[in-house]
1. Among DSSP beta bridges lying fully in the chain, give the percent that are antiparallel, nearest 5.
2. Rounded, prolate or oblate, given the Cα gyration tensor of region 4-135, with a/c below 1.5 counting as rounded?
3. How would you classify region 1-46 from its alpha-carbon gyration tensor, with a ≥ b ≥ c the square roots of the eigenvalues: rounded for a/c under 1.5, else prolate if a/b is greater than b/c, otherwise oblate?
4. Give me 56, 85 sorted ascending by neighbouring Cβ count inside 10 Å, so fewest comes first.
5. To the nearest 500 deg cm²/dmol, what mean residue ellipticity at 222 nm is calculated for the chain from DSSP H runs of n ≥ 4 alone, each contributing -39,500 (n - 2.57), summed and divided by the residues?
6. Hey, rough spin-label estimate for residue 31 and residue 88, points 7 angstrom out along Cα→Cβ, what's it come to in nanometres?
7. I need to check one value: relative contact order of region 4-135, counting alpha carbon pairs closer than 8 Å and at least 6 residues apart, in percent.
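Quick note: the coordinates plus some simple rules give every number you see, no bench work behind them. A quick note: this is a predicted structure, and the numbers were derived from the prediction, not measured. All Cβ positions, glycine included, derive from the backbone under ideal geometry; neighbour counts span all protein chains shown.
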């Protein structure tokens with residue numbers, strides 16, 4: 001492996017999550033290991049019952065349909081499809097914050113992708129040890 005990228009996801013809107021998928025793709029293309037840590041709104045967005053319904057942007061909400069059409073024109077899949085494909089390559093792991101799971105009253109099995117449940121200490125240590133750590 002060419003190193004590790006840690007992506008800490010506290011935002012759950014599709015405009016931010018497409019960025020997450022693009023960054024993860026770039027890292028995996030460079031043979032990096034990618035670890036995604038879901039915090040409050042990240043856990044919410046990864047919920048199976050929310051996944052495809054989550055359409056509201058954080059910025060320029062009035063441009064939602066234009067953004068969705070533009071991403072299709074650009075050949076970009078929904079963020080969750082991209083992450084699923086990257087996961088099949090074996091270089092992507094997803095961890096859910098235990099407090100966020102409790103806040104939403106869900107388990108890791110309620111998320112569309114989740115390898116394990118972790119606490120804040122594990123998230124901080126992973127970020128500290130990674131070659132690249134980003135907060136989304």
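1. Percent antiparallel among DSSP bridges in the chain is about 5.
2. Oblate, since a/c reaches 1.5 and b/c is not below a/b.
3. Oblate.
4. Fewest-to-most ranking of 56, 85: 56, 85.
5. -13000 deg cm²/dmol
6. 2.3 nm
7. 37 percent
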